[in-house]
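Rule-based calculations on the coordinates, nothing more; no lab input. Computed from a predicted model, the values in this text were never measured in an experiment. Cβ coordinates were reconstructed from backbone atoms using ideal geometry, including for glycine residues, and neighbour counts include every protein chain displayed.
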Amino acid sequence: MNPEPLPNEVKVIASLLIDQKGRVRDGVSSRPLSSTEDRQRFLALRAIAHCIVIGRRTSESESYAKTRIPVVVYSRTPHPITRWDLELERLQREYGPRILIEAGPGLLEQLLKEDLIDRLYLTKTSRESSDESSPRLDLSLLDRDGTLDLIESIEGLEDLFEVYQRKSLSKG
C-alpha cells in the first residue's frame, strides 16, 4: 500500500488516521486504531518527506524518537504561527520541498481551511475509539466546495484509504 510517486507540484502532504466518528486516538495515542496496512502506508509517506510537522499535543502522545527525518513541533503558545503559507515556505527552504503534516485535527484543519494541503492521505479505520475525549477531524472540511477532490479510494482489510488532492492541482 505504497503511495504512487507524487507529481512535482505536490509539496505539502498530510496523513491522518481516524475512526468512523473522526476520532484520532484511543487512549493516549493513535496506535490502537492503526492496522498493519495503515502503518505501511504511514511509513511509505515518511520515506518521501524531507521533514515532518506536528503539533505539541501530537509530540506528547506519539513517539518520534526513532524518526530519521527532522520533526518540527509547533505550539499555539507562546508564539502562534499567523502565516502558515510563509512558515511552510521557510521549512521547504530549510529542509527540502516535501513537507509531511502528521499533526492532529487542530493544526490539520487550520491548514485545510487555508488551502495549504496539496494532498491528504486519510485512513478511515473500522476500529472504534472508546476515547470520547479524543480530538476529532471535522469531516465537513473534506466536502467543502471547491477545495479538495477525492482522487483515490481503496478498501483494505480493516481500513478505507482515501486520497484527496487540492482541486487546483487536479485540474493541471
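Rounded to two decimals, the Cα-based Rg/Rh of the range 12-170, with Kirkwood Rh, is 0.93. Computed about its Cα centre, the charge dipole of the range 82-172 is approximately 420 debye, with only Lys, Arg, Asp and Glu carrying charge at their Cβ.
Of the GluC sites (Glu not before Pro) found in the range 86-164, the ones in coil according to DSSP and having at most 13 other Cβ atoms within 10 Å of their Cβ are GLU114, GLU128, GLU132. When shorter helices are ignored and each DSSP H run of at least 4 residues is given -39500 (n - 2.57), the per-residue value for the chain at 222 nm works out to -7000 deg cm²/dmol. Can you list the lysines whose alpha carbon is less than 21 Å from that of LYS124, not counting same-chain residues fewer than 8 positions off? By straight Cα distance, LYS124 reaches LYS21, LYS113. Close amide H contacts of VAL71 (hydrogens built in the peptide plane, cut-off under 5 Å, sequence separation of 5 or more or a different chain): ILE52. Model label points for GLU152 and LYS66, set 7 angstrom from Cα along the Cα-to-Cβ axis, are 2.6 nm apart.
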